[in-house]
Amino acid sequence: SYELTQPPSVSVSPRQTANITCSGQRLGRQFISWYRQLPGQSPVLLIYHDDQRPTGISERFSGSRSETTATLTISETQTVDDGDYYCQCWGANADGVFGPGTTVSVL
Amino acid sequence: QVHLQESGPGLVKPAETLSLTCNVSGLFITDGYYWGWVRQPPGKGLEWIGSFHHERGTFYNPSLKSRVTISKDSSANQFFLIFGSVAATDTAVYYCVKSVVDQSSGYFDWGQGILVTVAS
């Protein structure tokens, strides 16, 4: 298994763009998923396979990646985008490690 | 639409075994997809425990593998988490989950979660 790194917090003004990064030395070709979690609720999948949006997820959420860093971009941010965001990477042995999470505040 | 519901004890004593059940409706666990468990200690982040596909096998978090077993009852459309020798650090909300497509596609469907406290 391995570790992923995310910034503890990201603050952004309404209608601006927020970028949340997820880094790991061994991201390589492993797929990344992104989730948002609100207090007391189950996580919601926002992005899978690096850049695919599940049905029902706003186009304001997009994913991209390089060899060592994946990025979740939230465009036209709104106060409803507040929450904790987690990346998840699938290793060669099919183990799905989560990043430590990033708290997004739209101020 | 698939629905997942966790059930089990809310309190387990240290060194005992935790057993949780995930009841699935709206889809059969033999219809494909990966089904699994994720946990979250209070105030902390998510931790992947493991998952299975009814034909492709079962996969575990290496750091938990020695204490964890995931099994299923296809006739009842349920799957289970067995977690041995629990300690206070295993106190967490436990979620059962279902993949979008394959193992690496992440989890679109989540149960509401069940809080399990390990304490004497």
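The values are calculated or read from the model by the stated rules, or taken from the named source; none is laboratory data. Just so it is clear, the model here is predicted, and its values are computed rather than measured. Glycine also receives a Cβ, built like all others from the backbone with ideal geometry; neighbour counts cover every protein chain displayed. For accessibility, only protein heavy atoms count, side chains too; no ligands or nucleic acids. Shrake-Rupley method; radii C 1.70, N 1.55, O 1.52, S 1.80 Å.
Quick notes
- Percent carbon-and-sulfur accessible area, chain A, ignoring ligands, DNA and RNA, probe 1.4 Å: 44 percent
- Mean-square fluctuations from a GNM of chain B, with a 10 angstrom spring cutoff on Cα atoms, peak among B:Trp110, B:Trp37, B:Trp48 at B:Trp48.
- Shape summary: chain A maps onto an equivalent ellipsoid whose semi-axes, from the alpha-carbon gyration tensor, are 22, 13, 13 Å in decreasing order.
- Evaluated over the protein assembly as shown, the Cα radius of gyration and Dmax, each in Å: 17.2, 52
- The simple Förster model, with R0 at 22 Å and r as the Cβ-Cβ distance, assigns A:Thr103 and A:Gln52 a FRET efficiency of 0.35.
- Student exercise, the protein assembly as shown dipole from Lys, Arg, Asp, Glu Cβ charges, in Debye to nearest 20: 240 debye
- Calculated FRET value between A:Thr5 and A:Leu38, using beta carbons and R₀ = 22 Å, to 0.05: 0.45
- Averaged over peptide B:93-106, the number of partner chain Cβ atoms lying within 10 Å of each residue's Cβ comes to 5.
- Carbon and sulfur %, accessible surface of chain B computed with the full protein complex present, 1.4 Å: 51 percent
- Sites B:Asp73 and A:Arg26 - FRET efficiency at Förster radius 30 Å, r taken between beta-carbons, to 0.05: 0.25
- Inter-label distance, nm, simple model (7 Å from Cα along the C-beta direction), B:Thr117/A:Val80: 3.5 nm
- Placed amide H near A:Trp90: partners under 5 Å, 5+ positions off or other chain: A:Phe31
- Average beta carbon contacts from partner chains per residue of B:30-39, 10 Å cutoff: 1
- Of the listed residues A:His49, B:His53, the order by accessible area with a 1.4 Å probe, largest first, is A:His49, B:His53.
- B:Val101 - accessible surface, heavy atoms, 1.4 Å probe, Å² rounded to 10: 80 Å²
- Here each label is just a point 7 Å from Cα along the line to Cβ, and for B:Ser25 and A:Val12 those points are 3.7 nm apart.
- Cα-centre dipole for the stretch B:46-120 with unit charges at Cβ (Lys and Arg positive, Asp and Glu negative), debye to 20: 120 debye
- Solvent-accessible surface of the protein assembly as shown, taken per residue with a 1.4 Å probe and all protein chains present: 46 Å².
- Area hidden from solvent between B and A (accessible, protein heavy atoms only, 1.4 Å, total, Å²): 1700 Å²
- For chain A, the list of Cys residues with no other Cys C-beta under 4.7 Å reads A:Cys89.
- Taking every alpha-carbon pair under 8 Å whose residues sit at least 6 apart, the stretch B:1-106 reaches a relative contact order of 35 percent.
- A:Phe98 accessible area, assembled protein chains, probe 1.4 Å, Å²: 20 Å²
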